[in-house]
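Quick notes on the structure that follows.
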Amino acid sequence: MAAVSRTTSLLRLEALPRLLPIARGLHPSPCQHNSNRTSIGCLNRQKFGRTYPVLLVRPDGSTIHIHYKEPRRILSVPVDIRTLPEAERKARLRKQEARKVKPKKEEDFEDEFNLEDYRKFWKKK
């Protein structure tokens with residue numbers, strides 16, 4: 001009995017692909033493994049791309065070479081104003097205020113333009 005059930009199950013397994021629609025037409029080209037296959041995979045890193053060698057200038061004047069995400073020649077670290085002495089801090093704040101753009105005052109020009117002199121040009125006749 002077991003041998004009969006095995007043969008019937010094998011016949012069913014062979015007949016099953018014939019009954020199903022042909023799935024061979026889904027991918028007409030043969031599988032070609034090349035470098036484009038790697039674009040499907042997931043790379044496990046946080047940042048991509050290239051880093052550039054940059055000269056980093058610290059607040060005390062020392063310099064070191066680092067790799068940075070943007071191509072620059074020199075990158076300077078800003079000075080922490082809270083750590084400076086009071087006189088130097090005030091001097092730096094005065095410099096910053098001098099650099100700020102002040103709004104320009106609009107100048108009023110006196111002219112002798114009279115609109116009534118030109119009204120005759122745009123009136124319809």
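No lab work stands behind these numbers, since they all come straight from the coordinates. As the structure is a computational prediction, the values presented were derived from the model and not from experiment. Cβ sites come from the backbone with ideal geometry, for glycine too, and all protein chains shown count toward neighbours.
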Leading residue by the ranking (nearest to Leu56 (Cα to Cα)) among those in the range 99-125 that are part of a helix (DSSP H, G or I) and more than 34 Å from the chain's Cα centre (by Cα) = Leu115
Of the residues in the range 52-86, those that are surrounded by fewer than 12 Cβ atoms within 10 Å (Cβ to Cβ), among the aliphatic types (A, V, I, L, M) and in a loop (DSSP other than H, G, I, E, B) come to Val77
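Within the range 94-117, is there a residue that is in contact with a strand residue (DSSP E or B) (Cβ under 8 Å, 6 or more places away or on another chain) and on the phi < 0 side of the Ramachandran plot?
Within the range 94-117, not a single residue is in contact with a strand residue (DSSP E or B) (Cβ under 8 Å, 6 or more places away or on another chain) and on the phi < 0 side of the Ramachandran plot.
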